[in-house]
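Values in this text are rule-based calculations from the coordinates and carry no lab data. Nothing here was measured: the structure is a model prediction, and the numbers come from that model. Because the Cβ atoms are built from the backbone with ideal geometry, glycine has one as well, and the counts that use them run over all protein chains shown.
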Amino acid sequence: MDKEKVLYEERGPIALLTINRPEKLNALNRATLEELGIVVGRAEESEAVAVVVITGAGDKAFVAGADIGEIASLDALSGRSFALFGQALYRRIELLSKPVIAAVNGFALGGGCELSMACHLRVASENARFGQPEVKLGIIPGYGGTQRLPRLVGKGPALELLLTGGMIDAKRAYELGLVNAVVPEGKAVEKAMELAEKISRQSPLGIRACVEAVQTGLDMPVEEGCYLEATLFGLCCASEDMKEGTGAFMEKRKPVFKRR
Ligand code: COA
C-alpha cells in the first residue's frame with residue numbers, strides 16, 4: 001500500500017495535518033493535494049477539533065511547491081484546470097469554519113508559500129524560506145499567490161518577490177507581516193500548537209464569525225464589510241455561547257462554550 005501523503009492526527013482540540021513527502025521536500029503532486037482535501041474535510045467535520053495546524057514532514061521543508069514534474073507536461077487547458085483545482089482547495093482552507101495555522105518549518109516556495117498564505121496564521125522557524133519562484137520556470141503562481149501575497153505584504157514587496165523569484169528568510173517575512181511569529185529551528189509546530197490551544201479556548205462561534213468577517217469582508221467595500229460584521233454580530237447574540245460568555249464574565253467564572 002502507498003504511504004499516506006498527508007498525516008492526520010488529533011491532539012485534543014487541535015488537528016495536526018502533516019504533508020508527508022519529505023524525500024521531495026513535500027512538493028504537492030495531485031495525489032497529495034487530493035489527500036490534503038480529504039483530511040481538511042475530516043478536520044472540518046470532527047466535533048473534537050477547534051483549530052487546524054498544517055506543517056511539512058522532516059526538518060527541511062514546509063512545502064517546496066507544486067510538483068514540477070507534473071507541471072512540465074501541462075498544456076493550456078490542463079494548466080488552467082491544474083490551477084483551478086489548487087485554488088479551490090486553498091479557498092476552502094481559507095474559508096474553513098475553524099482557524100488554520102501554518103507551521104512553516106523550512107522551504108515554503110511556490111504552492112507551499114501559497115498554501116501558507118491560505119492559512120489564517122503563519123508561524124515560521126528561523127530556517128524557513130519563502131518565495132514564489134515560478135518565473136524561473138516560465139510560469140506564474142497558480143494557487144492564488146499573485147492575489148494573496150500583495151494583500152498580505154503590500155504591492156511593492158509582493159511584486160519584488162514575484163518578479164525576481166527570489167527567497168526571503170523568516171526574519172524578513174516577519175518584517176513584511178507575512179508571518180505572525182518566528183521561532184528557533186524545530187519549534188514551529190510547538191509554537192503553532194500553543195497558538196492553536198489559546199484560540200481553542202475562545203468561543204467557537206465567535207472564532208468562526210471572525211474568520212468569515214475578515215476573509216469575506218476584506219474583499220468588500222468597507223460599508224458592506226461592516227454590514228456583514230453587524231449581521232454576524234447579531235447571529236452571535238442569538239447563541240447560547242454568547243449568554244454563557246457574558247454570564248461567565250459577570251459571575252467571575254470561566255465560560256464553558258458549547259458551540260450553540
Ligand atoms: N517539485 C518536484 N520535486 C521537487 C520540488 C518540486 N517543487 N522541490 C524539490 N523537489 C525534489 C528534488 O527534485 C529532489 O528530488 P530528487 O532527490 O529525486 O532529485 C528533492 O526534492 C530534494 O530537492 P533538492 O533540489 O535536491 O534539494 P536542495 O536542498 O538542493 O534545494 C530547493 C532545495 C527548495 C532550493 C530546490 O529543491 C528547489 O528549488 N525546488 C523547487 C522550488 C520551486 O521552484 N517551487 C515552485 C514550483 S511551482
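What value, in deg cm²/dmol to 500, does the helix sum -39500 (n - 2.57) over DSSP H runs of n ≥ 4 give at 222 nm once divided by the residues of the chain?
-15000 deg cm²/dmol
Which whole-number percent is the relative contact order of region 73-202 (Cα, under 8 Å, 6+ apart)?
27 percent
When a/c reaches 1.5 or more, the comparison of a/b and b/c decides; with that in mind, is region 166-217 rounded, prolate or oblate per its Cα gyration tensor?
On the way: a/c = 3.97, a/b = 1.49, b/c = 2.66.
Here region 166-217 falls in the oblate category.
Dipole magnitude of region 135-260 about its Cα centre, charges +1 at Lys/Arg Cβ and -1 at Asp/Glu Cβ only, in debye to the nearest 20?
360 debye
Skipping prolines and chain starts, which residues have an amide H placed within reach, meaning under 5 Å, of the one on Glu185, given they are 5 or more residues away or on another chain?
Close amide H contacts, sequence-distant or interchain: Glu126, Asn127.
Note down the magnitude of the dipole of the chain about its Cα centre, charges +1 on Lys and Arg C-beta and -1 on Asp and Glu C-beta and zero elsewhere, to the nearest 20 debye.
400 debye
So how long is each side of region 153-260 along the principal axes, counting just the alpha-carbon atoms, biggest first, in Å?
Over region 153-260, Cα extents along the principal axes are 54, 39, 19 Å.
Which value does Rg/Rh take for region 83-222 over its C-alpha atoms, Rh per Kirkwood?
My calculation of the ratio gives 0.96.
Using the Cα centre of region 28-128 as the reference point, and only Cβ charges (+1 on K/R, -1 on D/E), how large is the resulting charge dipole? Debye, rounded to the nearest 20.
160 debye
GNM on the chain, C-alpha springs below 10 Å: top fluctuator among Val51, Val104, Val135?
Residue with maximal mean-square fluctuation among Val51, Val104, Val135: Val135.
From the square roots a ≥ b ≥ c of the eigenvalues of the alpha-carbon gyration tensor of region 124-192, which class results: rounded (a/c under 1.5), prolate (a/b over b/c), or oblate?
Working: a/c = 2.19, a/b = 1.78, b/c = 1.23.
Judged from the Cα gyration tensor, region 124-192 comes out prolate (a/c at least 1.5, a/b above b/c).
Going toward the positive end of the dipole of region 102-260, with +1 on Lys and Arg Cβ and -1 on Asp and Glu Cβ, which of Pro255, Gln132, Gly145 do you reach last?
Of the options given, the answer is Pro255.
What nm distance separates the two modelled labels at Arg80 and Glu240, each placed 7 Å from Cα along Cα→Cβ?
Using points 7 Å along Cα→Cβ, the separation is 4.9 nm.
Please compute the length gained on full extension between Lys252 and Thr164, using 0.36 nm multiplied by the number of residues separating them and subtracting their Cα-Cα distance.
Result: 26.2 nm gained on full extension.
Ignoring solvent entirely, what values of log10 I(q)/I(0) come out of the Debye formula for the chain at 0.13 Å⁻¹ when each Cα is a single scatterer?
Reported log10 I(q)/I(0), two decimals: -0.84.
Which value in Å is the Kirkwood Rh of region 75-128 over different Cα pairs?
12.1 Å
Stretched out fully, how many nm does the piece from Lys155 to Lys198 gain, at 0.36 nm a residue minus the Cα gap?
Taking 0.36 nm per residue and subtracting the Cα distance, the gain is 12.3 nm.
May I have the pair-distance distribution P(r) for region 40-81, computed from all Cα-Cα distances with 10 Å bins from 0 and rounded to whole percent?
21, 27, 33, 19, 1
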